[in-house]
Amino acid sequence: MTTEQIGTQRQHSGELDAGIALVTGGARGLGAEICRELAAAGMHVVAADVLFDLARDTCDQLVADGYEAEALRLDITDAPAVDQAIKALVARLGGIDVLINNAGIDKTVAIDEMTVEEWDRITAVNLRAPYVLSRAVLPHMRDRGHGHIVNIVSTAAKRAWANASAYHATKWGLLGFSHALHVEAREVGVKVTAVVAGGMRTPFLLDRFPDLDPGLLQDPRNVAQTVRFVLSQPAETVIPEVMVLPMRETSWP
Ligand code: NAD
């Protein structure tokens, strides 16, 4: 390969040059930071969330800052609604270049106190939905010969703590799904990355644990910048897994 060809390949690596990014849970927390990073990198971002008003506020702020963003009302546990939304986005915007499976929920409760409904809800959001969304976008990405799916995992996929059994099961599962998807998707030119995040200063932790020292956590922007870095790799390179931890948190050694 000549230097010129390598240069051309680099230019064409750029999912971030323009392109469409669908971010689940884009209304707040890490999802909102990812929307900001990718919009600032030149992408048109679609922030999909059940918290539609908040997603709209997030996107309005991005548009006011000169970026391209739109909110989408979507419950990712509703598989037919996900399929329909993706079809509509592809038809209107011409394709989806990047899917960020970011939305996630947790319930702090002992195994024998958790209800089956709570277990099902957590698995539906954290594990089934990334599969449903990936299944829906993959054929479009395959047809265009490129695309990138990023799954937001957690240190909860690497070790366990008490009262988070469904969360651990789903994040461990999501890490496994992400690697399995990577194997199949790279065959058709689509990249897949699992971003294993440590504790972040988002409502996910701060709302549930008001006594938690925020100084032990990291700014979600740091993880969003990692997502951008992962997406910016040259066409010939993929990062299947990356871990981003706060310096002081102890959930991973
Ligand atoms: P958050 O609670 O602040 O935001 C999650 C977003 O997902 C919310 O806007 C929520 O409305 C949305 N969402 C929930 N259920 C949905 C559904 N059914 N359909 C559509 N949207 C839905 O959480 P966060 O901290 O920003 O978490 C983002 C991701 O990062 C999650 O996958 C979480 O597991 C992961 N994570 C978080 C931490 C942390 O310390 N905050 C650490 C590691 C990994």
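The values are calculated or read from the model by the stated rules, or taken from the named source; none is laboratory data. Predicted model, so just to flag it, every value in this text is computed and none were measured. Please note: Cβ atoms are built from the backbone with ideal geometry, for glycine as well, and neighbour counts cover all protein chains shown. Just the protein is used for accessible areas: all its heavy atoms, side chains included, with ligands, DNA and RNA removed. Shrake-Rupley method; radii C 1.70, N 1.55, O 1.52, S 1.80 Å.
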Given Cα pairs under 8 Å that are at least 6 residues apart, what percent is the relative contact order of the chain? 20 percent
Rounded to the nearest whole Å², what accessible area per residue is found for the chain with the 1.4 Å probe? 47 Å²
Pick from Thr202, Thr123, Thr24: which residue has the top mean-square fluctuation in a GNM of the chain where Cα pairs under 10 Å get a spring? Thr202
Springs between alpha-carbon pairs under 10 angstrom, Gaussian network model over the chain: which of Arg159, Arg186, Arg73 fluctuates most? Arg159
Tilt of helix 29-40 relative to the longest C-alpha principal axis of the chain, in degrees (0 to 90, nearest 10)? 10 degrees
What is the local net charge at Thr170, summed over the other residues whose Cβ is closer than 13 Å to its Cβ (Lys, Arg +1; Asp, Glu -1)? +1
Helix axis angle, 52-64 relative to the chain longest principal axis, alpha carbon, degrees: 40 degrees
Against the longest principal axis of the chain, how steep is helix 129-144, in degrees 0 to 90 to the nearest 10, with axes from Cα atoms? 0 degrees
Quickly rank 223-229, 147-153, 94-100 as a protection proxy: mean count of other C-beta atoms within 10 Å, highest first. 147-153, 94-100, 223-229
Magnitude of the charge dipole, the chain, Cβ model with Lys/Arg +1 and Asp/Glu -1, debye to 20: 440 debye
For the chain, state the average projected area of the convex hull of the C-alpha atoms over all orientations, rounded to one decimal in nm². 14.3 nm²
Non-local residues with an amide H under 5 Å from the amide H of Met243, with H modelled 1.01 Å from N and Pro and chain starts lacking one, are Val196
Between the residues Phe52, Leu22, Val63, the Cα farthest towards the positive end of the dipole of the range 12-244, that dipole coming from +1 and -1 charges on the beta-carbon of Lys, Arg, Asp and Glu, is from Leu22
Go through the range 197-208 residue by residue and turn each phi into a ³J(HN,Hα) via Karplus (6.51, -1.76, 1.60, θ = phi - 60°); whole Hz please, and just put x for glycine and proline. 9, x, x, 10, 7, 9, x, 3, 9, 5, 6, 8
With all protein chains present, how much of the accessible area of the chain (probe radius 1.4 Å) comes from carbon and sulfur, to the nearest whole percent? 53 percent
Taking only DSSP H segments of four or more residues, each worth -39500 (n - 2.57), what value at 222 nm results for the chain once the sum is divided by all its residues, to the nearest 500 deg cm²/dmol? -14000 deg cm²/dmol
Could you pull out every residue, at least 5 positions away or on a different chain, whose amide H is within less than 5 Å of the one on Val150? Hs are placed 1.01 Å off N in the peptide plane, and Pro or chain starts have none. Leu99, Ile100, Asn101, Thr193
Count the net charge of all other residues whose Cβ sits under 15 Å from the Cβ of Phe209, scoring Lys and Arg as +1 and Asp and Glu as -1. -2
Which far-off residues, 5 or more places away or on another chain, put their amide H under 5 Å from the one on Gly19, with H placed in the peptide plane? His44
In whole Hz and in residue order, list the ³J(HN,Hα) couplings for the range 180-196 that follow from phi through the Karplus curve 6.51 cos²θ - 1.76 cosθ + 1.60, θ = phi - 60°; x for Gly and Pro. 5, 5, 4, 4, 6, 6, 5, 4, 10, x, 10, 8, 9, 9, 9, 9, 8
